[in-house]
Each structure stands twice: as C-alpha cells, then as structure tokens.
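Colleague: Have a look at the structure that comes next, please.
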Amino acid sequence: MDTEINIRNDKKILLVEDDSRDVELTLAGLKENHLAGKVAVVRDGAEALDYLYCRGKFKTRPPSNPILVLLDNKMPKVSGLEVLKTIKIDEHLKTIPVVALTSSRETPDLIEFYKHGVNAYVVKPVDFSDFMKTIKQLSLFWAAVNEPPPYTESNGAKNYRVTFPRKEEVEIPSPHPALGG
C-alpha cells in the first residue's frame, strides 16, 4: 500500500546530517512517502542554527519553523546536542519536534538528549532495509500523524553572541533564559 503524505508547501523537515551516505538514505526513505521535496538538508550544527535563525545563506528563506528536525549528534562545528539545547531554550523554537537520528548507542548520549528535551532518540540501523523502514515510520508519524505546533512571527528580538566550549560563536535571539531574557 502506497501512502502519500501531504504537508503544507511552506513547511519543511530539517535534516541535520554530515554523512553524505546517511543523507542519501534518509532522503530515499522520505521519497517513498513523497516527502523528499519537503526536506532542507544542512551538513553541520552551525548550518542548522543558521537555518533555524534565518541567517547567513538562509537569511532569505521563509521564516516559518520546520515541522520536524532530524538531528545527528556527532558533527563538525556544533554538535547535535548543542543544537538541541539551543532549540529547547529558545522561546520561538522549543516547540519544534526534534528526533535524534544518530549512530550512537552510548547511554550517556541517550540520557543527555532526553535531559535536554529531545522528542525521540532513534539509532540508525546499519542494514539498508531496516534503515528505510525506520525512516518510513518516522515520516509517517511526524509528518502525517503528529500535529505540529503553530508558528508565530518573531518579535524582532535582538541577537546575542554566545561562545560554546569549542570557541565557536552562535547567535541566539533573546529572550534567552541564560541571558536574563
């Protein structure tokens, strides 16, 4: 049975993945559910934050939030865990469902992701058919069954610079609890 999932034209799934093979597999799985054209792909955590905050090469994209973020953890520049933390402390982003789609089976990773508000933690299967089945199940639930939160326009808050332990700067809009907002 072929199931077609329709999501609004302005809504996207954000795939944050640095491994090109995993990007291809994920897009192939989403294509089976007619969602491949609804995916924005970024290759690291810094690009993910640029996408979410409509800055850098994404400054002209429509400002609506993605309906789902599929997030790898071990990435260059900014880790998936740091991206998750940023999403979940931002008033305008924290309602976006985030699914960790990672190869890590490490208990500390699992605990940290749930501690910081991940909606689901999925270990990438190694077998191709299992991977495809996993992506199909994820897309059916998050894009067809789940009701995403409504998007509200940003209040024009100014941005602050925050330096992560790796000495990389990332802009975070206020209000931000860590900055007294």
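Colleague: Once you've got the Cα coordinates, tell me which of LYS57/LYS88; LYS31/LYS88; LYS59/LYS133; LYS59/LYS115 are over 26 Å apart. Don't skip to the answer; put the middle values down first.
Modeller: On the way: LYS57/LYS88 23 Å; LYS31/LYS88 29 Å; LYS59/LYS133 34 Å; LYS59/LYS115 31 Å.
Table pairs above 26 Å Cα-Cα are LYS31/LYS88; LYS59/LYS133; LYS59/LYS115.
Colleague: Sort ARG21, ARG55, ARG105, ARG43 by heavy-atom solvent-accessible area, probe 1.4 angstrom, most to least.
Modeller: Correct descending sequence by accessible area is ARG105, ARG21, ARG43, ARG55.
Colleague: Another one. Starting from the Cα of VAL122, step 7 Å along the direction of its Cβ; do the same at SER20; then give the gap between the two resulting points in nm.
Modeller: The answer from the label model is 2.4 nm.
Colleague: A further question follows. Putting +1 on Lys and Arg Cβ atoms and -1 on Asp and Glu Cβ atoms, find which of LEU70, GLY45, GLY56 reaches farthest to the positive end of the dipole of region 14-74.
Modeller: GLY56
Colleague: In Å³ and rounded to a whole number, note down the convex hull volume per residue for the Cα atoms of region 36-130.
Modeller: Here the figure is 108 Å³ per residue.
Colleague: How large is the accessible surface of PHE128 in square angstrom, using a 1.4 angstrom probe and rounding to the nearest 10?
Modeller: Estimated to the nearest 10 Å², PHE128 gives 120 Å².
Colleague: Ok, one more. Could you order ASP130, ASP44 so the one with the most accessible surface comes first? Probe is 1.4 Å.
Modeller: Result, largest first: ASP130, ASP44.
Colleague: A follow-up question, please. Give me the net charge for the shell around VAL16: Cβ to Cβ below 9 angstrom, other residues only, Lys and Arg +1, Asp and Glu -1.
Modeller: -4
The values are calculated or read from the model by the stated rules, or taken from the named source; none is laboratory data. It should be emphasised that the depicted structure is a prediction, and the values quoted were computed from it without experimental measurement. All Cβ positions, glycine included, derive from the backbone under ideal geometry; neighbour counts span all protein chains shown. What goes into the accessible areas is simple: the full protein's heavy atoms, side chains included, and nothing from ligands, DNA or RNA. Shrake-Rupley method; radii C 1.70, N 1.55, O 1.52, S 1.80 Å.
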